[in-house]
Amino acid sequence: MPALPIILTCGEPSGIGPELAPRALASGVPFVFLGDPRHLPAGTGWVEIADPAEPLPQGRLAVLRHDFPAPAVPGRPDPANAPAVVEVIARAVRLVMAGRAGGICTLPISKQALHHGAGFAFPGHTEYLAHLAGDVPVAMMLASTTVTPPCRVVPATIHIPLARVPESLTPALLEQTIRITDAALRRDFAIPHPRLAVAGLNPHAGEGGVLGDEETRWIAPLIGQLRSQGFDLAGPLPADTMFHPAARARHDAAICAYHDQALIPIKTLDFAGGVNVTLGLPFPRTSPDHGTAFDIAGRGIADPASTIAALRLARDMVANRR
């Protein structure tokens, strides 16, 4: 039985998402675009389908139609379209959880536009998808697809101010992140014995307590406790020495304390090939590792590499789960 296709959600229609959709056919991955076909670039060859599980057209973009109230003006998000952007994500989740699709790849949204236009109360895709899936615990991974050794990073705290990180990074949260990452590497990446590197919170991982005591006070004891349960963990490590090639070869993923500690290295190493993965969901979900790019929307110059990589990784995750 062939694998079910990936649903590619439209994201913010005034960004670069809709123009990336037809170019993503180069991925070779069976996928369905969920959105308003009026927002696609002029001249796009598309075919409307009623069910993502039905046979897909060859060489043309399959579209699961979702009408929006307003046209899309490149670079100028319309608040009237914000509720439809949110509903597209919810509809994709309903379809994949009903077994009509294999996974979801989400094109970028504008959190600001959704907040102002739809009262969107979630920090981003990751948290909203977790809510739709039944408020399951999740983690956000950024995974490279074009560098060797691979770079995979998982920030324990995500979209919060830096000043709140020390109070938010608790033993319970770090343990949960480690457990979710270990399970996802086994299930979604087919790595039977994951090796995880855990970054310290402070510079030089606290340098023995001189630059901060979180590492000695509770991070190192937690790592030791989890090692005794069979987890393959290294750390706490200085984050500034974790991402050169020899260091990456020693782990399958790096657990980081906060957003920029994780995302700066991967976006430096593999900006075009990085993929956002939500770990812990009952279905595979990926996304290109870039935003709406309002400044270049509609000009036809957006690089589809990250979207293509995201679709291919979603396909591989579906296969690994099967």
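Of all residues in region 238-261, exactly one satisfies the criterion of being among the hydroxyl-bearing types (Ser, Thr, Tyr) and in a helix (DSSP H, G or I), namely 241.
When 257, 249 are checked against the criterion of being surrounded by fewer than 22 Cβ atoms within 10 Å (Cβ to Cβ) and not charged (D, E, K, R), a single residue qualifies: 249.
Taking region 262-310 only, how many residues are open to solvent by 10 Å² or more (accessible area, probe 1.4 Å), in a helix (DSSP H, G or I) and out of contact with any Phe, Trp or Tyr (no Cβ under 6 Å at 6 or more places or on another chain)? Within region 262-310, residues that are open to solvent by 10 Å² or more (accessible area, probe 1.4 Å), in a helix (DSSP H, G or I) and out of contact with any Phe, Trp or Tyr (no Cβ under 6 Å at 6 or more places or on another chain) number 8. Can you tell me which residue in region 185-200 is nearest to residue 241 (Cα to Cα), limited to those that are in contact (Cβ under 8 Å) with a residue 24 or more places away in the chain and assigned to a helix (DSSP H, G or I)? Of everything passing the filter in region 185-200, 185 is nearest to residue 241 (Cα to Cα). Might you check whether a residue that is under 19 Å from residue 7 (Cβ atoms) and free of Cβ contacts under 8 Å to residues at least 24 places away in the same chain occurs anywhere in region 73-92? Taking every residue of region 73-92 in turn, at least one turns out to be under 19 Å from residue 7 (Cβ atoms) and free of Cβ contacts under 8 Å to residues at least 24 places away in the same chain. Candidates in region 223-246 are the residues that are under 13 Å from residue 201 (Cα atoms) and touching a helix residue (DSSP H, G or I) at 6+ places or on another chain (Cβ under 7 Å); of these, the one that is surrounded by the fewest Cβ atoms within 10 Å (Cβ to Cβ) is 238. If you go through region 156-181 and keep only what is in contact with a helix residue (DSSP H, G or I) (Cβ under 9 Å, 6 or more places away or on another chain), closer than 26 Å to residue 144 by Cβ and of a type outside the set (A, V, I, L, M), you end up with 157, 159, 175, 179. When 35, 15 are checked against the criterion of being surrounded by 24 or more Cβ atoms within 10 Å (Cβ to Cβ), touching a Lys or Arg at 6+ places or on another chain (Cβ under 9 Å) and among the small types (Gly, Ala, Ser), 35 stands alone in meeting it. For residue 96, the conditions (1) open to solvent by 20 Å² or more (accessible area, probe 1.4 Å); (2) assigned to a helix (DSSP H, G or I); (3) of a type in the set (A, V, I, L, M, F, W, C); (4) more than 30 Å from residue 218 (Cα to Cα) are fulfilled apart from (1).
Identification of strands (runs of 3 or more DSSP E) wholly contained in region 1-81 with 3 or more residues that are over 20 Å from residue 314 (Cβ atoms) yields 46-49.
Would region 125-141 turn up any residue that is open to solvent by less than 10 Å² (accessible area, probe 1.4 Å), closer than 21 Å to residue 24 by Cα and either part of a strand (DSSP E or B) or in contact with an Asp or Glu (Cβ under 9 Å, 6 or more places away or on another chain) (or both)? Checking region 125-141: not a single residue is open to solvent by less than 10 Å² (accessible area, probe 1.4 Å), closer than 21 Å to residue 24 by Cα and either part of a strand (DSSP E or B) or in contact with an Asp or Glu (Cβ under 9 Å, 6 or more places away or on another chain) (or both).
For region 64-91, filtered to residues that are among the β-branched types (Val, Ile, Thr) and touching a Ser or Thr at 6+ places or on another chain (Cβ under 8 Å), the residue that is surrounded by the fewest Cβ atoms within 10 Å (Cβ to Cβ) is 73.
Under the condition of being closer than 18 Å to residue 250 by Cα and either without any contact (Cβ under 8 Å) to a residue 24 or more places away in the chain or over 16 Å from the mean Cα position of the chain (by Cα) (or both), the residues counted in region 151-184 number 2.
Checking each residue in region 153-210 for being at positive phi and open to solvent by less than 40 Å² (accessible area, probe 1.4 Å) picks out 205, 206, 209. Among the residues of region 1-12, just one is at pLDDT 95 or above and either surrounded by fewer than 20 Cβ atoms within 10 Å (Cβ to Cβ) or of a type in the set (S, T, N, Q) (or both), namely 9.
The values are calculated or read from the model by the stated rules, or taken from the named source; none is laboratory data. Nothing here was measured: the structure is a model prediction, and the numbers come from that model. Reconstructed Cβ throughout: ideal geometry from the backbone, glycine too, with neighbour counts over all protein chains shown. When the accessible area is computed, the model is the full protein with side chains, heavy atoms only, and any ligands, DNA or RNA have been set aside. Shrake-Rupley method; radii C 1.70, N 1.55, O 1.52, S 1.80 Å.
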